[in-house]
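To start, the structure under review is shown below, and the notes come after it.
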Amino acid sequence: MLTEAMARRLRRDWSGLYHIEMTSGVLEAALEVADREALKGADAIHLGSALIVAEVLRRRATELVFVASDRELKQAAAHAGFVVIDPAEK
């Protein structure tokens, strides 16, 4: 459940987040990883989007860290070469 404190933190952090539109490129990347890693829709879009953003950031010599708590998604992101952080793990 989203607490008021969580909502405030999200609103505060929102402008500092990188936003990506659902384009045909993102869809194609999502379909690829869904097939290769047996991911469900939302997880495939999450990883497919990250792959697109990571490519842009690589050209700027910046690394993208992948954040997720879902076991299969974390495993797929690691297979894709991401450093993965699970906020649920302490």
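The values are calculated or read from the model by the stated rules, or taken from the named source; none is laboratory data. Model, not experiment: these values are computed from the prediction. Cβ atoms come from the backbone with ideal geometry, glycine included; neighbour counts cover every protein chain shown.
Just wondering, is there one or more residues in region 70-87 that are modelled with pLDDT under 90, surrounded by 14 or more Cβ atoms within 10 Å (Cβ to Cβ) and outside any helix (DSSP H, G or I)? Checked against the condition, which is being modelled with pLDDT under 90, surrounded by 14 or more Cβ atoms within 10 Å (Cβ to Cβ) and outside any helix (DSSP H, G or I), region 70-87 yields no hits at all.
Any residue in region 6-20 that is without any contact (Cβ under 8 Å) to a residue 60 or more places away in the chain and under 16 Å from VAL67 (Cα atoms) sitting within a Cβ distance under 8 Å of a residue that is hydroxyl-bearing (Ser, Thr, Tyr) and in a helix (DSSP H, G or I)? List the pairs, counting only those 6 or more apart or interchain. Pairs found: ILE20/SER49. For beta carbons closer than 8 Å, sequence separation of 6+ or different chains, a first residue in region 40-53 that is over 12 Å from ALA80 (Cα atoms) and part of a helix (DSSP H, G or I) and a second that is among the aromatic types (Phe, Trp, Tyr) and modelled with pLDDT under 95, the qualifying pairs are VAL53/TYR18. Restricting attention to region 9-39, the residues that are assigned to a helix (DSSP H, G or I), under 23 Å from GLY81 (Cα atoms) and aliphatic (A, V, I, L, M) total 7.
For GLU32, the requirement of being closer than 20 Å to ILE20 by Cα and surrounded by 13 or more Cβ atoms within 10 Å (Cβ to Cβ) is met.
On the basis of being modelled with pLDDT of 95 or more, under 11 Å from the mean Cα position of the chain (by Cα) and surrounded by 10 or more Cβ atoms within 10 Å (Cβ to Cβ), does VAL67 make the cut? Against the criterion (modelled with pLDDT of 95 or more, under 11 Å from the mean Cα position of the chain (by Cα) and surrounded by 10 or more Cβ atoms within 10 Å (Cβ to Cβ)), VAL67 does not qualify. Do we have MET6 as at pLDDT below 95, surrounded by fewer than 11 Cβ atoms within 10 Å (Cβ to Cβ), not basic (Lys, Arg) and not in a loop (DSSP other than H, G, I, E, B) here? So MET6 passes the test.
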